[in-house]
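Taken together, the values in this text are just the output of simple stated rules run on the coordinates, not laboratory data. Note that this is a predicted model, so its numbers are computed, not measured. Using ideal geometry, Cβ is built from the backbone for each residue, glycine included, and neighbour counts are taken over all protein chains shown.
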Amino acid sequence: MKDIKDLRKEIDVIDDEMIPLFERRMNVAKQVAEYKRANGETVLQTGREKEVLSRAVDRLSDKGYSNEAVDFMTAVMDLSKEIQLKTNPVAETSRERRAIDECAKVGFQGAEGSYSSKAVSELFPKAKQKKAYFTFRSLFEAIDGGEIDYGVVPLENSSIGSVVEVYDLLGQFNCFIVGEKWIRIEHCLLGAKGASLADVKTVYSKAEALEQSHAFLADGGWNLIPYPNTALAAKMIAEKKDFSVAAVASEAAAEIYGLDVLAKGINSDKGNFTRFIVISKTLADTEADKVSVSFTLKNESGALYKVLRFFSRYGINMVKIESRPLKNNPGSYYFVVDLEGNCNSKDMIQALYYVERSTLAFKLLGEYVKSAPAEE
């Protein structure tokens, strides 16, 4: 067996031979870029890459190194593509943008007194019109049809996670995320005027609100019934005037619908926040520092890694990734990724160029100024 010092010397000799070859390959890559620019060809050539990888494996004497050879040549080709992009940089995609109109017509799901209504008031205090919709879909349809300019919808909660229906609708409709805001959620148990906790037998609210308040509600031993919205539940309780029913909603809803607050702060997580997003048919003309995209992949080993590495390669920080099942395609998924940066930055342009061309389907979901939960 060779001594470790001798083995390291042998590796140094091999490296000394490889580096000039590497430099030679990069110089040829530049020439390839110049040829592609002159002939109007794109940097990414999937067929050519498969050919190079297959040839590398074929030239191995020991096929046990096949996976490593593929990884090695993939890395070399990635570096070659970067050289080509530096020679022929990808131009910024021209997209329609408009400044956010603070006096616009804005829609939300639910009713006055809901947390969505509160988010609208904070995001658009000068809104010309504030319109409530019964479902998320009807809200998206209103934006798509030009009935309203913006919609404000919840996307995720710090306690129970994502609002999956909204994620799905973002993929289905031609609209963009143009803003976001985290709103503190503080649930209350509301009853008809004169009611007490001892009177309550049934509690109504949105399923997520019931889940966020599960500890308090479990102690009460009440019958829990999901309702489309917290404020709508409060409104229904006010109309019933029945001491045996109550709603989980905000304190503002109690004031609006004339209800008594039977218990305050009943949510299990006292640091409970919901991230609301603003959606519009066009991107916003703002100093954005956050980007959201979605894409679908082939159902094969390493597919996700091969895409995410582009973000790492260009120094793009990925702050969230969400997977959702593809409808009518069991076992297949699409991914939603939130990134720090903006679409006009040099590195983001390059990263998204590769991601879009390495996926089965790609969509820019939005570009906006990021928000963060504000502790009181």
Legend entry - Global form of the chain, assessed from the alpha-carbon gyration tensor, a/c cut-off 1.5: prolate
Inset, instruction - Take the alpha carbon atoms of region 356-376, find their center, do the same for region 12-79, and report the distance between the two centers in whole angstrom. - result: 33 Å
Inset, instruction - For Lys5, go through the lysines and keep the ones whose alpha-carbon is under 29 Å away, minus same-chain ones fewer than eight residues off. - result: Lys63
Legend entry - In Hz, Karplus ³J(HN,Hα) per residue of region 219-227 (6.51, -1.76, 1.60; θ = phi - 60°; x = Gly, Pro): 5, x, x, 7, 7, 9, 10, x, 9
Inset, instruction - Compute the long axis of helix 66-87 from its Cα atoms, compare it with the longest principal axis of the Cα atoms of the chain, and write down the angle in degrees, 0 to 90, nearest 10. - result: 80 degrees
Inset, instruction - Order these peptides, 229-235, 289-295, 163-169, by their mean beta-carbon neighbour count within 10 angstrom, highest first. - result: 229-235, 289-295, 163-169
Inset, instruction - Could you tell me which of Leu7, Tyr35, Pro20 has its Cα farthest along the dipole of region 1-89 towards the positive end, charges placed at Cβ (Lys, Arg +1; Asp, Glu -1), taken about the Cα centre? - result: Tyr35
Legend entry - Under 20 Å from the Cα of Lys327 - lysines, other chains or at least 8 residues apart: Lys298, Lys363
Legend entry - With Cα atoms, 0 to 90° folded angle of helix 46-58 axis to the chain main axis: 50 degrees
Inset, instruction - May I ask you to list the trypsin sites (Lys or Arg not before Pro) in region 41-136 that are in a DSSP loop and have at most 11 other Cβ atoms within 10 Å of their Cβ? - result: Arg59, Lys126
Legend entry - Ser332 long-range amide H proximity, modeled H, under 5 Å: Leu326
Legend entry - Partner aspartates and glutamates for Lys2 [C-alpha distance under 16 Å; skip if fewer than 8 residues away on the same chain]: Glu10, Asp12
Legend entry - Total lysine pairs whose alpha carbons fall under 27 Å of each other in region 105-199 (8 or more apart, or interchain): 16
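Ignoring everything except DSSP H segments at least 4 long, calculate the 222 nm mean residue ellipticity for the chain; use -39,500 (n - 2.57) per segment, divide by total residues, nearest 500. Before the final figure, lay out the partial values.
Numbers: 12 runs with 152 residues, N = 376.
Estimated from H runs of four or more residues: -12500 deg cm²/dmol.
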Inset, instruction - Before anything else, pin down the relative contact order of region 1-85: Cα pairs under 8 Å, at least 6 apart, normalised by residue count, whole percent. - result: 38 percent
Legend entry - Tilt relative to the chain, helix 346-357 - C-alpha long axis, 0 to 90 degrees, to 10: 90 degrees
